[in-house]
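Inspection log for the structure reproduced underneath, given as structure tokens.
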Amino acid sequence: MNPGNEWERPTTPHHHVPGGRFEPPTQPPTLPPMHPMPPMPPVPRPPRPPWLLPTIAAAVVVLVAVGGVGAYLVVDRLSGGGGAPPVATATRASRTAPTEAAGPDVCAMLPKEEAERLVPDATVSESSRDGDYTVSFTCNWNNQRISFGEFWRKREIDVRIEQHKGDGAKTGRAMAQNSYEVDYRGGKFGETAKPSLEPDEKEYVSPVKDIEGVGDGAFAQYTWRRDGNLLWYSYGEAHARVGDMTIKVKFQAGQQRKDAEILSNQTVQSITEDNAIREVSGLVKHFAEGVRTWQSQHPGVLAKAAPSPSASATVSPSARPTPSPTVLAAFPADCEAVGEVATRLVPEPTTRARGAQVGADAQTECRWLNLDLPGEGAENKKIRSALITVHRFTNRAGGADETAARSYYASERGGDKNMSESSIGGISWSKVTDLKELGDQAYQVFVKNRHSDVSASSGTVLVRKGAVVVQVDYSGHQRPEKEATNSPKVKLMPEKEAMDGALTLAKAYMAELDRQPAGG
């Protein structure tokens, strides 16, 4: 499976603009979902939880609802439709329906390896409907958030198969042929149409390309559209007819850098014309073969939509197991080596070390925590926490996997960059600052959190060195001793203290890592 074959690049097709001129696009695009629905609002990046609970949270999830913030100050770092058929406007001629049979299984017509290649880890939805003119069956494969290196990728396949019913003297086959011809003429019209567009809108519709050897006729077409600075997308679409059934397949794909601005087409790339036409031409062949097979098994039979209670279903990707962390019998040597630095930040700490394996990501976690430090003034208490989480990535052969480490680092930095200098739900993020003196890549960020049961601020440094990614969090607060940990009287750790502490501990740990063979 390859979620990122190299066909998603900035496209430069000609496109219609007011007055009939043609000009190439001047900047990269963004993709809306394939279905006619408004773009979903961005889901904010979760706050970096400032310290530990006995339970584990999936920190590798890049975007979650703010309401999912941990119930205590710091959480562990170990991680792990389509359109309706036409409405009859007059009383239809009576006809005798042929024997009915269960309709075709559209989702099963696409080989699993092909579905996984085009839409990895897809959510699969299917539905069927009995209308006045057709019986329709649909299947949709969708994944709008595929991590691939420094990019988030979007993929979607949408398929609709309709069996056309006879109407008076016209057979179902004749009705299907009429429908196919309408689609074909619409495609030809789109080649040269000059739609009315706003000054910042651009559109290109490719010439119709006939597909030989597919059913009783098939064609493909490509659409590219830009709408201001928000939307920029492209997709391929194929139509075919097999007997009394018509097939419509749409494939949409694109990618955007993880650190791009939210709700913009900044850095977006979408599928090119040649690749879109090639992919939908291959897809429609699978469904035409599936339809032909179903028809040969049920000659002259009208397909039957699924009963209403099970008319639609959604199949999510296989759930990935939640990692089960193991408390280590002894502190890892690399954490022990920086214990003096950590103890200066967290005096008289309670310590704990844990490990977990999440796929090819071997994780270790070292924690220093004190919930009862004397604060400034006799009536105040302080909480301080230092946490080091190390991710070591390996490939299938057991060797160091720097590519996986780069992808993980890009996901984390992109999530923080998206929330940079913003606030939501009592959580605020500082500007993301890249660091040049640590590892191969590094950055730091400061987060203030007054949303959960424990209000706190946290300085975080994330460093990548080869196939290893190290995250260091230093966090805490001060409050009157008798006040609740989320009281409005909680005074968050100052930004300078949090950032300096995290950076000091990160530098000490990376120096220790450099002393280990092959970077640890």
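Coordinate-derived values only; no laboratory data. In this text the structure is predicted, and so the values were computed from the model without any measurement. Backbone-built Cβ (ideal geometry, glycine too); neighbour counts: all protein chains shown.
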Between D216 and E379, what is the label-point separation in nm under the 7 Å Cα-to-beta-carbon projection?
8.8 nm
If packing is taken as the mean number of other Cβ atoms within 10 Å per residue, what is the order of 251-257, 287-293, 266-272, highest first?
251-257, 266-272, 287-293
With +1 assigned to the C-beta of every Lys and Arg and -1 to the C-beta of every Asp and Glu, and no other charges, what is the dipole magnitude of region 174-260 about the Cα centre in debye, to the nearest 20?
200 debye
Among 274-285, 339-350, how do they line up from the highest to the lowest mean number of other beta-carbon atoms within 10 Å?
274-285, 339-350
For a Förster distance of 35 Å, can you work out the FRET efficiency between the beta-carbons of E116 and S422, rounded to the nearest 0.05?
0.45
I need the peptides 427-438, 452-463 ranked by packing, meaning the mean over residues of other C-beta atoms within 10 angstrom, with the highest value on top.
452-463, 427-438
Given R₀ = 56 Å, FRET efficiency for A360-Q297 by Cβ-Cβ distance, to 0.05?
0.80
What spacing in nm lies between the two simple spin-label points modelled at E100 and T433, each 7 Å away from Cα in the Cβ direction?
6.9 nm
Would you grab the residues whose amide H sits under 5 Å from the one on I211? Only those 5+ places off in sequence or on another chain, please, with H modelled 1.01 Å from N.
A218, F219, A220
Please give me the summed charge of the neighbours of D334: other residues whose Cβ is under 13 Å from its Cβ, Lys and Arg +1, Asp and Glu -1.
-1
